[in-house]
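One structure is given here, and the rest of the page talks about it.
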Ligand SMILES: Cc1cc2nc3c(=O)[nH]c(=O)nc-3n(C[C@H](O)[C@H](O)[C@H](O)COP(=O)(O)OP(=O)(O)OC[C@H]3O[C@@H](n4cnc5c(N)ncnc54)[C@H](O)[C@@H]3O)c2cc1C
């Protein structure tokens with residue numbers, strides 16, 4: 001019998017592992033949270049995800065994070081769709097139409113790094129969370145009663161941690177998923193995405209804080225982030241055959257930016273990175289006492305900002321199931337419902353929507369482009385259609401659909 005029979009072992013202090021740990025701890029469920037990074041390098045991670053949709057803001061508020069994040073982010077009620085080919089704004093959607101649906105009729109632009117920084121502070125302060133930083137999870141075993149996780153701490157020691165369940169919030173390279181030989185079904189895009197960070201105020205050219213820009217030759221995304229210094233991220237597709245060193249050369253970055261917005265003056269480039277985009281969903285989210293959540297269970301393109309958001313939704317859904325088990329209000333079959341609900345959302349919403357988003361931005365056929373743009377325009381101009389559109393993109397529809405799954 002494990003020494004801590006009812007404790008839940010969570011691997012990974014990313015947004016998913018931390019949200020799950022906080023929600024559990026706040027409901028009096030004990031957690032052991034294991035994270036490979038230590039205090040010395042936790043904040044050295046790249047900022048990554050950052051658009052937090054209204055449904056996610058409600059969840060971040062539930063665990064006490066929203067108030068900490070709002071001052072560190074940018075409230076962005078409006079999202080723009082642009083046609084770069086014709087240099088025109090196609091449609092502007094204002095989340096204000098969701099004012100009767102949510103307390104947060106806007107997205108909050110606030111990067112992953114700020115979320116995990118604030119969440120880690122809350123986790124450190126919570127007596128129900130045993131936080132094991134600088135500790136690498138290596139493998140696990142499960143029995144009818146519980147789980148044991150083998151970890152190695154930076155202090156050098158190997159150790160066995162015991163608990164009732166193990167949750168992989170390890171991200172896309174989840175060892176738990178690999179250990180269980182769960183297939184990660186889907187595909188990887190040939191073209192990688194180039195992300196350039198620029199200190200330049202694009203609003204003076206009519207852009208909103210969030211912009212999706214379609215172009216058959218070179219689609220793009222443009223997002224504003226709070227500094228100091230304030231920065232904008234511009235995403236571009238890249239030639240699959242080009243070398244990274246060629247794509248990220250300072251002259252190449254300037255040339256791309258000048259093609260995008262010819263200012264005639266060099267842009268102040270703060271950084272850049274190139275990343276590979278996968279669209280994959282794990283065949284199973286649960287095997288006995290081991291459960292996958294967030295990027296460990298599903299990955300997708302960032303167009304539409306759904307990866308971290310849907311991972312946080314996994315975390316809250318799963319937390320409620322564990323809380324119900326701990327309070328003896330449900331038996332462990334509710335964990336299968338977690339899988340049914342969240343796997344459905346991953347496939348029918350996150351994958352479908354992000355794949356559609358990329359197709360919309362990169363569409364080559366002029367007639368299809370025109371039809372798509374006309375539809376976007378008509379949708380944005382009609383408040384009821386705009387509300388339905390935003391209920392879908394802001395992830396409320398996925399939550400309602402999941403609720404209806406038995
Ligand atoms: C450039 C970019 C932009 C993005 N933009 C958005 C966006 O706007 N909106 C959005 O919703 N999503 C976005 N995403 C996706 C988003 O970053 C991820 O979906 C999200 O971070 C997943 O969270 P997670 O907690 O599941 O995993 P991660 O954030 O990957 O965290 C995993 C944690 O586990 C730890 N870990 C891993 N292995 C081990 C181990 N063996 N032992 C101990 N600890 C371990 C890691 O150190 C890390 O702290 C973006 C991604 C990229 C690359």
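The numbers here are math on the coordinates, done by the rules we state, and not lab data. All of these numbers come straight from a predicted model, not from anything done at the bench. Glycine gets a Cβ as well: all are built from the backbone with ideal geometry, and neighbour counts include every protein chain shown.
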Length added when fully stretched, residue 364-residue 245, from 0.36 nm per residue minus Cα-Cα: 40.0 nm
Translational D in µm²/s for the chain (Stokes-Einstein at 25 °C, 0.890 mPa s, Kirkwood Rh from C-alpha pairs): 111 µm²/s
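Order these by the 10 Å Cβ neighbour count, fewest first: 205, 85, 80, 95.
Exposure proxy ranking, most exposed first: 205, 85, 80, 95.
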Choice from 60, 318, 270 showing the highest fluctuation, given a GNM over the chain with Cα pairs closer than 10 Å: 270
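Based on other C-beta atoms within 10 Å, arrange 43, 292, 261 from fewest to most.
Numbers: 43 12, 292 29, 261 15.
Arranged by neighbour count, lowest to highest, 43, 292, 261 become 43, 261, 292.
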Alpha-carbon centroid distance for the pair region 68-114 / region 133-208, whole angstrom: 28 Å
Förster radius 41 Å - calculated FRET efficiency between residue 330 and residue 371 (Cβ-Cβ, nearest 0.05): 0.30
C-alpha long axis of helix 112-125 to longest principal axis of the chain, angle in °: 30 degrees
With Cα atoms, 0 to 90° folded angle of helix 366-381 axis to the chain main axis: 70 degrees
Alpha-carbon Rg/Rh ratio, for region 101-183, with Rh computed the Kirkwood way: 1.06
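Taking the beta-carbon count within 10 Å as an exposure proxy, list 358, 124, 241 from fewest neighbours to most.
Going from sparsest to densest Cβ surroundings: 241, 124, 358.
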Linear extension gain, residue 400 paired with residue 199, 0.36 nm per residue minus alpha-carbon span: 68.5 nm
With Cα atoms, 0 to 90° folded angle of helix 307-326 axis to the chain main axis: 20 degrees
Residue-averaged 222 nm ellipticity for the chain, from DSSP H runs of 4+ at -39500 (n - 2.57), nearest 500: -10000 deg cm²/dmol
For a label point 7 Å along the Cα-to-beta-carbon line of residue 218, residues of region 71-106 with backbone N under 13 Å: 84-85
Top of 149, 55, 297 by mean-square fluctuation, Gaussian network on the chain, Cα under 10 Å: 149
Within the chain, percent of DSSP bridges classed antiparallel, to nearest 5: 75 percent
Relative contact order (%) - the chain, alpha-carbon pairs under 8 angstrom, separation at least six: 21 percent
Added length on full extension, which subtracts the Cα-Cα distance from 0.36 nm per residue, residue 103 to residue 160: 16.2 nm
Separation of alpha-carbon centers, region 332-373 and region 255-290, rounded to whole Å: 18 Å
Centre separation in Å (Cα based) which lies between region 232-249 and region 1-52: 33 Å
